[in-house]
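Participant: Let me begin by handing over the structure; questions about it come next.
Laboratory data are not the source of any read-out in this text; all were calculated from the coordinates shown. Predicted model only: the values in this text are computed from it and were never measured. Quick reminder, even Gly has a Cβ in these numbers, built from the backbone with ideal geometry, and neighbours come from all protein chains shown.
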Amino acid sequence: MPEGDTVAWTAARLQAALGGATLTRAELRWPSLAQTDLVGARTVRVVARGKHLLHRLDLQGQALTLHSHLRMDGTWRVRPAQESVRWDHRLRAVLGTAEATALGRSLGMLDLVATADEDRLVGHLGPDILTRAWQLAGGPPGREIALARLSRDGRPLAEALLDQRVLAGLGTFWVSEGCFARRLNPWRTASQVPADDVAALLDWARPRMLRSARTGAQSVTGLARRDALGAVHALSGRPCRRCGRPVRVALVGVAPRERTIFYCPACQGGLAPTDDGRPQAPLGATRSDRRSDRRSASGPGGAQL
Ligand SMILES: [Zn+2]
């Protein structure tokens with residue numbers, strides 16, 4: 001699932017392609033927007049808020065925001081304007097200028113609101129780990145707000161970190177990798193984890209997410225090589241790079257919204273309460289291994305990897 005860094009990278013690509021230009025083409029295959037005509041609108045700015053994309057438009061003096069969310073596997077891609085668009089059932093939005101065409105596929109949400117009403121869509125989000133306001137003073141910085149919330153949160157650490165109302169931007173990749181990097185047990189109650197440890201996790205994740213938002217490659221090392229992206233994410237059944245014991249995957253959260261977290265029991269304080277400890281085959285090892293691993297990873301609630 002795209003996380004805050006990927007969404008920020010996407011927003012920057014859309015801003016570079018569409019910013020300041022007038023839409024000569026706008027086709028939205030979305031039931032509630034079937035009658036909407038955005039041709040002639042000028043793109044003021046495309047920004048990310050957590051995992052949400054806000055495409056701000058000026059349509060004859062009217063300030064509008066086209067809001068989208070990538071959910072599990074949505075994408076926005078930019079192509080040259082002269083390239084013809086091939087429609088399929090996943091393509092939900094086409095926004096074109098004289099120079100470029102943006103293609104929104106498998107989008108999880110698409111709404112149009114007055115820009116003044118954006119808070120109806122994103123007002124519930126906690127402080128965004130990728131914004132300047134995360135660290136700058138002038139009101140309490142987002143980091144302090146998030147840390148205060150986490151210090152009172154009675155849920156497992158990973159579940160609290162994934163809750164976009166607590167802080168916005170983290171997904172399962174960065175939560176798994178952050179907990180591993182800082183040797184924290186993702187299932188330990190958030191309020192019981194020492195504040196310095198939680199702060200260290202967030203301070204570890206932020207610069208790496210900012211780098212990933214610049215490069216488009218979600219990677220803890222900065223390298224886009226497949227074996228250098230992460231230390232535990234999607235590596236269950238493989239040896240831990242630190243201790244050599246097997247990395248595992250288990251669920252966190254409440255059905256039907258459980259999420260999968262990858263971790264090393266030996267480095268991170270033992271088995272998860274949701275982990276039966278049975279052997280887990282590496283993801284993608286063989287066809288049948290992959291099926292059984294996905295079953296154990298997705299659990300009864302059907303949360304996807
Ligand atoms: Zn380990």
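Participant: Quick one: which residues, 5 or more positions from Thr101 or on another chain, have an amide H under 5 Å from its amide H? H modelled 1.01 Å from N in the peptide plane, none for Pro or chain starts.
Facilitator: Arg79, Ala81
Participant: What does the charge dipole of the range 132-298 about its Cα centre add up to, to the nearest 20 debye, if the Cβ of each Lys and Arg holds +1 and the Cβ of each Asp and Glu holds -1?
Facilitator: Dipole magnitude for the range 132-298 comes out near 500 debye.
Participant: What residues from the range 123-166 fall in the zone where the backbone N is under 15 Å from a label point 7 Å along the Cα-to-C-beta line of Ala199?
Facilitator: Zone members listed by number: 135-137, 141-152.
Participant: Same structure again: Using the Karplus equation 6.51 cos²θ - 1.76 cosθ + 1.60 (θ = phi - 60°), what ³J(HN,Hα) coupling, rounded to whole Hz, does each residue of the range 81-95 give in order, writing x for Gly and Pro?
Facilitator: 4, 6, 6, 6, 8, 9, 7, 8, 5, 8, 7, 10, 8, 10, 10
Participant: Further question: The range 1-76 to the range 142-201: how many Å between their Cα centroids?
Facilitator: 30 Å
Participant: How much FRET efficiency would the formula 1/(1 + (r/R0)^6) give for Ser32 and Ser106, where r is the Cβ-Cβ distance and R0 is 22 Å, rounded to 0.05? Write out the running numbers ahead of the final one.
Facilitator: On the way: r = 17 Å, r/R0 = 0.79.
Given R0 = 22 Å and the Cβ-Cβ separation, E is 0.80.
Participant: May I ask you to sort Thr43, Thr131 by Cβ crowding, counting other Cβ atoms within 10 Å and putting the fewest first?
Facilitator: Ranking Thr43, Thr131 by Cβ neighbours within 10 Å, fewest first, gives Thr131, Thr43.
Participant: Follow-up. Is there a quick way to get the dipole size of the range 4-122? I mean about its Cα centre, with the Cβ of Lys and Arg at +1 and of Asp and Glu at -1; what is the value in debye to the nearest 20? Write out the running numbers ahead of the final one.
Facilitator: Values: 16 positive and 12 negative charges, 58 e Å.
Once rounded to the nearest 20, the dipole reads 280 debye.
Participant: On to the next question. Quick one: 3J(HN,Hα) in Hz for the range 150-161, Karplus 6.51/-1.76/1.60 with θ = phi - 60°, rounded, Gly and Pro as x.
Facilitator: 5, 6, 10, 8, x, 8, x, 3, 5, 5, 5, 5
Participant: Here's another thing I want to ask about it. Sorting check: for 35-42, 49-56, which peptide has the highest mean count of neighbouring beta carbons within 10 Å, and how do the rest follow?
Facilitator: Ranked by mean Cβ neighbours within 10 Å, highest first: 49-56, 35-42.
Participant: What FRET efficiency do you get for Arg225 and Met1 if R0 is 22 Å and r is their Cβ-Cβ distance, rounded to the nearest 0.05?
Facilitator: Here the calculated transfer efficiency is 0.50.
Participant: Say the dipole of the chain comes from +1 at the beta carbon of Lys and Arg and -1 at that of Asp and Glu; which of Val232, Pro273, Ala93 then lies farthest toward its positive end?
Facilitator: Farthest towards the positive end: Val232.
Participant: Another question about this same structure. Does the range 4-122 classify as rounded, prolate or oblate by the C-alpha gyration tensor (a ≥ b ≥ c root eigenvalues; a/c under 1.5 gives rounded; else a/b over b/c gives prolate, otherwise oblate)?
Facilitator: Note, shape of the range 4-122 comes out rounded.
Participant: Using packing as a proxy for protection, rank 74-87, 201-214, 168-181, 16-29 so that the peptide with the highest average count of other Cβ atoms within 10 Å comes first.
Facilitator: Values: 74-87: 12.9, 201-214: 19.1, 168-181: 25.6, 16-29: 16.9.
Result, highest mean first: 168-181, 201-214, 16-29, 74-87.
Participant: Given contacts defined as C-alpha pairs under 8 Å and at least six residues apart, what's the relative contact order of the chain, whole-number percent?
Facilitator: Result for the chain is 14 percent.
Participant: For the range 84-129, with only Lys/Arg (+1) and Asp/Glu (-1) charged at the beta-carbon, what is the dipole magnitude about the Cα centre, in debye rounded to 20?
Facilitator: Dipole of the range 84-129, to the nearest 20 debye: 360 debye.
Participant: Can you run phi through the Karplus equation (6.51, -1.76, 1.60; θ = phi - 60°) for the range 54-69 and list ³J(HN,Hα) in whole Hz, with x for Gly and Pro?
Facilitator: For the range 54-69, the Karplus curve yields 10, 9, 8, 10, 10, 10, 6, x, 8, 8, 10, 10, 8, 9, 9, 9 Hz.
Participant: Which cross-chain or sequence-distant (5 or more) residues have an amide H under 5 Å from the amide H of Arg92, H modelled 1.01 Å from N in plane?
Facilitator: Gly104, Arg105, Ser106, Leu107
Participant: What angle, in degrees between 0 and 90 and rounded to the nearest 10, separates the Cα long axis of helix 195-215 from the longest principal axis of the Cα atoms of the chain?
Facilitator: Taking the Cα atoms of the chain, the angle to 195-215 is about 40 degrees.
Participant: Something else: Once Lys and Arg get +1 and Asp and Glu get -1 on their Cβ, which of Ala146, Val254, Val47 lies farthest toward the positive end of the dipole of the chain?
Facilitator: Value: Val254.
Participant: So, one more: Quick one: Asp119, Asp58, fewest Cβ neighbours within 10 Å first, how do they rank?
Facilitator: Asp119, Asp58
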